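**Q** One structure coming up, written as C-alpha cells, with questions to follow.
Bear in mind these aren't lab numbers, they're just calculated from the coordinates by the rules spelled out. Remember, it's a predicted structure, so these values are computed and weren't measured experimentally. Positions of Cβ are backbone-derived with ideal geometry, glycine not excepted, and every protein chain shown enters the neighbour counts.
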Amino acid sequence: MANNIRDRFRDWKQKEVEPVQLEQLQRSLLEESTLDLSYLTLIVSSCAIATFGLLANSVAVIIGAMIIAPLMLPIRGLAFGALQGNVILFRKGAIAVVVGTLIAMVLACCLGWIVRMPSYGSEILARSEPTLLDLGIAVAAGSISGYAKVQPKISGSLAGTAIAVALMPPVCVIGLGIAQANWSLSLGATLLYLTNLLGIALSCMVTFLVAGYTSFVQARKPLMWALALTAVLVVPLGVSFARLVRQAQLESSVRRALLNKTVTFQRLQLLGSNTNWLTNPPQVRLSVRAKNPVTPRQVQLLEEFIEREMGQPFTLIFEVGQVEEVRRSTR
C-alpha cells in the first residue's frame, strides 16, 4: 500500500507533457493575451452591460456581462508566463489585464457620472466588503479555468463564466464609487478585485503545475511570490469575514429578541427583515402586517429595548401593511 502511494507520487513528480503540447499551449495563451481590437470590444461591451446592470440592481443583466468574460483570457497567459519565465507572454498578459481594467474603470465612472444615481443598490454595495469567501470563489474559478485550458474536452466558456463572476463587476464598482467620490466603496471593490485576480492567477499556476506543463523547481519562485501577495490580503479579508459572521449573529439575535421578548410583535406578523450595516447605527428595516398602526412611541421603546439586549443601538424602520377585515353586509 505504502509502496503504491510512493510510486504514484513519483509518477506525478515525473509527469511532463510533450514539447508539441507545451508549444501549442504557449501559442494559444499568447493569442489570448494579445491586446487587440476584439479584446477591447469585449472589455467595453462587458463593462457597459455590467455597469447598467449594477445601476439597475439587476442580477440577470449582471450575469449577462459575466458570460462575455474578457479579463480571464490574459490572466491565464500572465500566470503561465510567470511559471515558465516567459517574459513576452507575461508582459503581454499583464499589459492586457492592466489596460482592460483601466478602460473598464473609466467607462464605469463616466456612466455613473452621466446617470447620477442618488444612491446605489444592494448589488453594488455587496461588492464593497470582500471576505475570505470571495478568495475561495476566486481560487475555485481559477482552477476551473486552468483545467479547461489544458483539457480541450471542457468548454472554455464554462471557465470564462465562473471567472467573470469575480472580475468585471468589481471593476465597474470601482468606477461607480469614483463617480460619486465614494472612496470607501471604491477601496472595498479594489480589494475584491485584487483578491480575485491573485486567487485566480495562483490557482491557474497550480493547475498548470499539476498538469505537468512545468517543473516544480521552475515554478517554485513564482508560486512563492503569488502566495506571498495573496497572503497579504488574507488579513483584511479575515477581518471582513469575522465582521460578516458577527453581523449575521447580531441580526439573528435582533429578530429573536423582537419576536420572543416584546409585546408589540405579539400583535404583528413579521414578513421579512433587512439590515443595512453601512449606516451608523445600523438600520433594521422590518416588513410587518398588522391590524393596528405602529406608533413612533412603540418604535422608540423597541429601539431602547434592542439596545439594552444587544449592547449597541439600532435604528428600526417599520414597513406596515394594514390588515382589514371585510365581510359581506347583513340585512
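**Q** Evaluate the relative contact order of the chain (contact order divided by residue number), counting alpha-carbon pairs under 8 angstrom at least 6 apart; express in whole percent.
**A** Relative contact order here is 16 percent.
**Q** Next question, about the same structure. Hey, what's the Kirkwood Rh for the chain if you take every pair of different alpha carbons, in angstrom?
**A** Roughly 22.8 Å, rounded to one decimal.
**Q** Report, largest value first, the span of the C-alpha coordinates of region 196-262 along each principal axis, in whole Å.
**A** Taking the Cα atoms of region 196-262, the three principal extents are 65, 22, 16 Å.
**Q** Residue farthest toward the positive end of the dipole of the chain, with Cβ of Lys/Arg at +1 and Asp/Glu at -1: which of Pro293, Pro19, Ala211?
**A** Pro293
**Q** Would you please name the trypsin sites (Lys or Arg not before Pro) within region 28-121 that are DSSP coil residues with at most 12 other C-beta atoms within 10 Å of their C-beta?
**A** Listed in order of number, the matching sites are Arg116.
**Q** In degrees, nearest 10, range 0 to 90: what is the angle between the Cα axis of helix 216-261 and the longest Cα principal axis of the chain?
**A** So the inclination is approximately 10 degrees.
**Q** Who wins for biggest fluctuation among Gln151, Gln21, Gln269 in a Gaussian network model of the chain, springs between alpha carbons below 10 Å?
**A** Among Gln151, Gln21, Gln269, the largest mean-square fluctuation in the Gaussian network model of the chain belongs to Gln269.
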